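*Asks:* Please read through the structure below; I'll follow up with questions.
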Amino acid sequence: MTGTKQSNQMWGGRFASGPDAVMEEINASIDFDRKLYAQDIAGSRAHAAMLHKQKILSAADYQAIDNGLLTVLREIEDGQFTFSRALEDIHMNIEARLAELIGAPAGRLHTARSRNDQVAVDFRLWVKQTALETAGQIRTLITQLLKRAEEHADTLMPGFTHLQTAQPVTFGHHLMAYVEMFGRDLSRIQDTIARMDESPLGAAALAGTGFDTDRFMTAQALGFREPTRNSIDSVSDRDFALEFLSAAAICAMHLSRMAEEIVIWSTPQFGFVQLSDAFSTGSSIMPQKKNPDAAELVRAKGGRINGALITLLTVMKGLPLSYSKDMQEDKEAVFDASATLELMLAAMSGMTGDMHINKAAMKAAAGSGYSTATDLADWLVREGGLPFREAHHITGRAVALAEKKRCSLSDLTLKDLQAVHPAITEDVFDVLTVEKSVASRKSYGGAAPQEVRRQIDFWKKRLAKNRNAA
């Protein structure tokens, strides 16, 4: 009786049937790796074709296997396939159904391969395709940003450091900062694709195979540049997934930063932008509220992708070569991160195109906080011949005077400014308005509208070249 009670305590709830139920639950991956069905069937078809070409598989067996795999593919896509947890994973589910359809030839498909290289090629194919789709989404967002930047190359706004007004810029220039960020994200994703473009199929369990296989043929058939060069690394490598997650995490961080700015800009205190109802919600109790929920959720979801990266790094960090069952934990984090990033990019592209820009509020804020103080200091250096540190000190006194008079620097009189330093002339007023301040920033990559437009043209050409190359 005591033993029964102890057993119930140990295996109670979902696992009342005992250790077999626990093992099935912890070992099965079909609940999530069924997502790899198309890649698994593509890999098997390529492998079968190679075996036939190398005379390892007869023509009749090859034709039966290929037709059977196509039947399984149709069944899955039509929702007619029954997935079994007892068969553990997508590979065994497909192989078992193939055996039901074609009999003995199905058993010859696994010649010269292992589930180790099979899952490695399936997962790599999936991540590669996902990365290509991610690159396309990033290009879409950059295109949207370029469009809005071009519309607002002249729209004045404050530039910030420490979230304090620093110097006037334009909204177009600000958006182009995000173009640079997402441009780096696009580059990282494409670098990741280039590095993962090797096929592990044919590495078998870990040591390769004694059969006369052609790994270059299967690599080409699956769209890889070439086969991997070390069979141990082939089955134990998950760098391709880690690199994708790393690039995704950096991209998500950029999306979160932009989302944070949209949240700030849409407050009544700023009033720089307004999101439509498509990307906002109301309050359940305060009828006047319009909450930027889409931006807030983009900001939050970056944490999921960070978590996915840490999850896989932690899984992989202590594994001896070559394959360990721990690596079954590689997929769920990647699947979730991919879906999350896809949603974040779609939401940000939508918000970027959707938001209304309040030019008047931006311009008013651009002149606040004595944002042209640096222009006065630069003028004293350029026209008065003063060392910058001295010019900085003099400008500080001018700002203090403007604060005392409760006016902007441009509203101080020439007499006021000459009382601060006699070298100041009437010409100084040419640089003290926000319009003239921004127009003067003509250095390469600067905020001057003409320079913003030059960078927009550069990115349009670069994006077109990138799209054609892809």
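The values are calculated or read from the model by the stated rules, or taken from the named source; none is laboratory data. All values derive from a computational prediction rather than experimental measurement. Note that each Cβ is placed from the backbone with ideal geometry, even for glycine, and that neighbours are counted across all protein chains shown. We work out accessible area using only protein heavy atoms, side chains counted, and drop any ligands, DNA or RNA first. Shrake-Rupley method; radii C 1.70, N 1.55, O 1.52, S 1.80 Å.
*Asks:* Would you tell me the accessible area of ARG397, worked out with a 1.4 angstrom probe on the heavy atoms of the protein chains, in Å² to the nearest 10?
*Replies:* Estimated to the nearest 10 Å², ARG397 gives 110 Å².
*Asks:* Probe of 1.4 angstrom, ligands and nucleic acids ignored: what's the accessible area per residue over the chain, in square angstrom?
*Replies:* 49
*Asks:* Straight-line reach from LYS460: which lysines fall under 18 Å, measuring Cα to Cα and dropping same-chain residues less than 8 apart?
*Replies:* Hits, sequence-local ones excluded: LYS147.
*Asks:* Given +1 on the Cβ of Lys and Arg, -1 on the Cβ of Asp and Glu, and no further charges, what dipole in debye does the chain carry about its Cα centre, rounded to the nearest 20?
*Replies:* Numbers: 53 positive and 58 negative charges, 175 e Å.
About 840 debye.
*Asks:* Quick one: length gained pulling ARG195 to MET253 fully straight, 0.36 nm per residue minus the C-alpha distance?
*Replies:* 18.6 nm
*Asks:* Measure off, as a whole percent, the carbon and sulfur share of the 1.4 Å-probe accessible area of the chain, all protein chains present.
*Replies:* 52
*Asks:* Heavy atoms only, 1.4 Å probe, whole protein assembly: order THR82, THR314, THR267 by accessible area, highest first.
*Replies:* THR82, THR314, THR267
*Asks:* Sticking with this one: Where a Cα-Cα gap under 28 Å defines reach, which lysines qualify for LYS317, not counting those fewer than 8 residues away within the same chain?
*Replies:* LYS35, LYS128, LYS301, LYS325, LYS331
*Asks:* Let me ask you something else. With every protein chain kept in the model, how would you rank ARG97, ARG382 by accessible area, 1.4 Å probe, largest at the top?
*Replies:* ARG382, ARG97
*Asks:* Got the relative contact order for the chain handy, in percent, Cα pairs under 8 Å and 6 or more residues apart? Don't skip to the answer; put the middle values down first.
*Replies:* Values: 637 pairs, mean separation 74.5, N = 470.
Contact order relative to length: 16 percent.
*Asks:* Here's a follow-up. Quick one: Debye curve from the alpha-carbon atoms of the range 274-385 only, equal weights, vacuum; give me log10 I(q)/I(0) at q = 0.10 Å⁻¹ to two decimals.
*Replies:* -0.62
*Asks:* Oh, and also: List, in order, the whole-Hz ³J(HN,Hα) value for each residue of the range 41-49 obtained from phi through the Karplus relation with A = 6.51, B = -1.76, C = 1.60 and θ = phi - 60°; use x for Gly and Pro.
*Replies:* 5, 4, x, 5, 5, 5, 5, 5, 4
*Asks:* Remind me, what semi-axes does the range 22-109 give for its equivalent ellipsoid, largest first in whole Å, using sqrt of 5 times each Cα gyration tensor eigenvalue?
*Replies:* So the three semi-axes of the range 22-109 are 24, 13, 11 Å.
*Asks:* To test your reading of the geometry: what angle, between 0 and 90 degrees and rounded to tens, separates the Cα axis of helix 373-384 from the longest principal axis of the chain?
*Replies:* Taking Cα atoms only, the helix is inclined about 60 degrees.
*Asks:* Antiparallel as a % of all DSSP beta bridges within the chain, to the nearest 5?
*Replies:* 80
*Asks:* Over the residues of the chain, compute the C-alpha Rg and express it relative to 2.2 N^0.38 Å.
*Replies:* Compared with the compact-globule rule of thumb, the chain sits at 1.35.
*Asks:* Within the range 178-222, list the residues whose amide N lies under 17 Å from a label point set 7 Å along Cα→Cβ of ILE232.
*Replies:* Of the residues in the range 178-222, 203-209 have backbone N under 17 Å from the label point off ILE232.
*Asks:* A follow-up question, please. Run the quick spin-label model on ARG467 and ARG184: label points 7 Å from Cα toward the beta carbon, then report their separation in nm to one decimal.
*Replies:* 2.5
*Asks:* Return one number: the angle in degrees, 0 to 90 and rounded to the nearest 10, between the long axis of the Cα atoms of helix 293-316 and the longest principal axis of the Cα atoms of the chain.
*Replies:* Result, in degrees: 50.
*Asks:* What ranking do 116-126, 130-140, 442-452 get when scored by the average of other Cβ atoms within 10 Å per residue, highest first?
*Replies:* Sorting 116-126, 130-140, 442-452 by mean packing, highest first, produces 116-126, 130-140, 442-452.
*Asks:* Search the structure for amide H atoms under 5 Å from the amide H of THR170, placed 1.01 Å from N in the peptide plane, and list their residues when 5 or more places away or on another chain.
*Replies:* Close amide H contacts, sequence-distant or interchain: MET157.
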